[in-house]
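The values are calculated or read from the model by the stated rules, or taken from the named source; none is laboratory data. All figures in this text were calculated on a predicted structure; none of them were measured in a lab. Please note: Cβ atoms are built from the backbone with ideal geometry, for glycine as well, and neighbour counts cover all protein chains shown. Side chains are part of the model used for accessible areas, which takes the heavy atoms of the whole protein and leaves out ligands, DNA and RNA. Shrake-Rupley method; radii C 1.70, N 1.55, O 1.52, S 1.80 Å.
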Amino acid sequence: MVGENEEIKIPQSELPRVVVVGGGFGGLRFLKKLDSNKFQIVLLDRYNYHTFQPLLYQVATAGLEPDSIAGPLRKSFQNRKNFFFRMASVNRIDEKNQQVETNIGKLKYDRLVLACGSLTNFFGNDEFEHKSFPLKQVPHALNLRSQILQNFEKAVLKTDENEMQRLMNYVIVGGGPTGVEVAGALGELKKHVLPKDFPELNLNKMQIYLVEGQERLLGAMSEYSSKKAFDYLKKFDVNIYVGKIVKAFDGEIVTLNDGMQIPTETLVWAAGVKGNAIAGLTLDITPDKRFKVDEYSRVAGFENIYAIGDVASMSTEKFPKGHPMLAPVAIQQGALLASNLNGLSKGKPWKAFTYTDKGTMATVGRNKAVTELLGKFKFGGFMAWLTWMFVHLILIVEFRNKIVIFGNWLWNYFTYDRGTRLIIRPFVKHKAKKKEKPSEDEKVLVA
């Protein structure tokens, strides 16, 4: 096994080496556009697959298999020459020696592209971090799926009404797209699936709570979309609290800032993210842990280190605090950076990045979604739902995954069923210990 202080085994080459940290949306688009005839390319990621994060909530609520939203990174580039993948966690950047330090060894670079995404932002609250369920990775989704199904298996055994209620209550923190989509998916489970699986239980007692600190849902979208989403969720009997904040969670009771208490064992955290800034660069980063970059995605103070996507903060007149942490931003930045690097050998001038906002959307359930296109067209309902499905199918990386997901969606639509209600890997709660090492979500790893 390679030691942390040894060189990672990569063939020598006369071509300049571009090391890419992260195989997310931005990293993948950059790698597909970069000319491997001009560079030796090395991709580092702690997982050997790309995750389509917008559909993690469907894995968590038993709508999709986990492998349907993930694609092997090696397969995506198996025919590319001068391309190498290494599964590794990046711990630090050694700017002086131009190398990255990982858990499997060190690797020198000529150019370094940081596409390491974001981490769940718990805003410094250890209680939330240890006891809630984030949704950033496939393992997170599997944990939440097991928790939901296990809770109902436990509920049928209970005779105490309070214990039963605590198992059947779900609290979601954050009224953005992820929070709204999780709430809608749980509402569909409550309405169409769980009553058939658990006829002994009175599913009317199952309560879904969505808590948002701002005064409305989907704050990044229009008032129209916000109201539509609110109305759709109400049809699923979701209890919506806006302008309120979750102050505490002890694993059994959620306490809001107004003193309201909700008994539950499941708190889903969809309240925000922060950049996954890697240690080692001698520069300031933004409060939300993002690297400051110029209009060419160069990290401030460096000519050969770049950052794209969620980990990059590019301040412009329109986006003074950086672009939104969305997949389209990462994809566009990755494509442009690759194009600029490809033109180096021909002396082409670099193009500055300008974000083209093609639209935003969120689904709330069957035939219910909100879509905003090009800042002009706003619509909801069935057509918005079809648009949401079409766009997501197009963006899925692997063709096989497109077929599997579409097949699952058709099955779910016509049968009102969720075919993956499987507790494959039981979720076991661990009591929080005094923190000695960074948690898995805190470690500076590759997104």
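Sort out which residues of the stretch 151-180 are surrounded by fewer than 18 Cβ atoms within 10 Å (Cβ to Cβ) and in contact (Cβ under 8 Å) with a residue 12 or more places away in the chain, and write them in order of number. Within the stretch 151-180, Glu153, Lys154, Val156, Asn162, Gln165 qualify. If I ask for residues that are more than 27 Å from Pro16 (Cα to Cα) and touching a residue at least 12 places away in the same chain (Cβ under 8 Å), which ones from the stretch 287-317 would you list? Hits for the stretch 287-317 are Asp288, Lys289, Ser315, Thr316. Among the residues of the stretch 139-182, those identified as closer than 17 Å to Arg421 by Cβ, β-branched (Val, Ile, Thr) and in a helix (DSSP H, G or I) are Ile148, Val182. When we screen Ala362, Ala384 for residues that are of a type in the set (Gly, Ala, Ser) and out of contact with any Pro (no Cβ under 9 Å at 6 or more places or on another chain), the only hit is Ala384.
Every residue, every condition in (1) over 18 Å from Ala327 (Cα atoms); (2) open to solvent by 30 Å² or more (accessible area, probe 1.4 Å); (3) modelled with pLDDT of 90 or more, yes or no:
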{"residue": "Ser339", "(1), (2), (3)": "yes, yes, yes"}
{"residue": "Lys351", "(1), (2), (3)": "yes, yes, yes"}
{"residue": "Thr354", "(1), (2), (3)": "no, yes, yes"}
{"residue": "Gly380", "(1), (2), (3)": "yes, no, yes"}
{"residue": "Gly419", "(1), (2), (3)": "yes, yes, no"}
{"residue": "Lys431", "(1), (2), (3)": "yes, yes, no"}
{"residue": "Ser439", "(1), (2), (3)": "yes, no, no"}
{"residue": "Ala447", "(1), (2), (3)": "no, yes, no"}
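Among the conditions (1) assigned to a strand (DSSP E or B); (2) of a type in the set (S, T, N, Q); (3) under 28 Å from Gly380 (Cβ atoms), the only one that Ser226 does not satisfy is (1). Right, Asp45: closer than 30 Å to Thr266 by Cβ and among the charged types (D, E, K, R) or not? The answer is yes for Asp45.
Flag: Asp258 matches the condition of being surrounded by fewer than 18 Cβ atoms within 10 Å (Cβ to Cβ) and outside any helix (DSSP H, G or I). Taken as a whole, the structure leaves Gly322 outside the set of residues that are under 24 Å from the mean Cα position of the chain (by Cα), of a type in the set (Gly, Ala, Ser) and open to solvent by less than 10 Å² (accessible area, probe 1.4 Å). Cβ-Cβ contacts under 7 Å between residues 6 or more apart (or on different chains), taken from a first residue in the stretch 341-352 that is within 15 Å of Arg111 (Cα to Cα) to a second residue that is β-branched (Val, Ile, Thr) and surrounded by 13 or more Cβ atoms within 10 Å (Cβ to Cβ), are absent.
When residues in the stretch 391-415 are screened for being out of contact with any strand residue (DSSP E or B) (no Cβ under 9 Å at 6 or more places or on another chain) and either at positive phi or part of a loop (DSSP other than H, G, I, E, B) (or both), 0 of them pass. Close Cβ contacts (under 8 Å, 6 or more residues apart or on different chains) running from residues in the stretch 71-86 that are aromatic (Phe, Trp, Tyr) to residues that are open to solvent by 50 Å² or more (accessible area, probe 1.4 Å) comprise Phe84/Pro11; Phe85/Asn48; Phe85/Arg74.
Quick check, is Lys191 in a strand (DSSP E or B), in contact (Cβ under 8 Å) with a residue 24 or more places away in the chain and open to solvent by 10 Å² or more (accessible area, probe 1.4 Å)? So Lys191 fails the test. Entry remark, the stretch 7-51: residues being part of a strand (DSSP E or B), more than 18 Å from Arg80 (Cβ to Cβ) and open to solvent by 50 Å² or more (accessible area, probe 1.4 Å) number 1 in total. In the stretch 73-125, of all residues being among the acidic types (Asp, Glu) and buried (at least 16 other Cβ atoms within 10 Å of the Cβ), the one that is modelled with the lowest pLDDT corresponds to Glu95.
For the stretch 136-150, filtering for residues that are touching a strand residue (DSSP E or B) at 6+ places or on another chain (Cβ under 7 Å) and either among the polar types (S, T, N, Q) or open to solvent by 10 Å² or more (accessible area, probe 1.4 Å) (or both) leaves 6.
Taking the conditions exactly as written (of a type in the set (D, E, K, R) and open to solvent by less than 80 Å² (accessible area, probe 1.4 Å)), does Lys376 satisfy them or not?
Judged against the criteria, Lys376 is not a match.
Given the condition open to solvent by 10 Å² or more (accessible area, probe 1.4 Å), basic (Lys, Arg), at pLDDT 95 or above and not in a helix (DSSP H, G or I), answer yes or no: does some residue in the stretch 207-219 qualify? Checked the stretch 207-219: at least one residue is open to solvent by 10 Å² or more (accessible area, probe 1.4 Å), basic (Lys, Arg), at pLDDT 95 or above and not in a helix (DSSP H, G or I).
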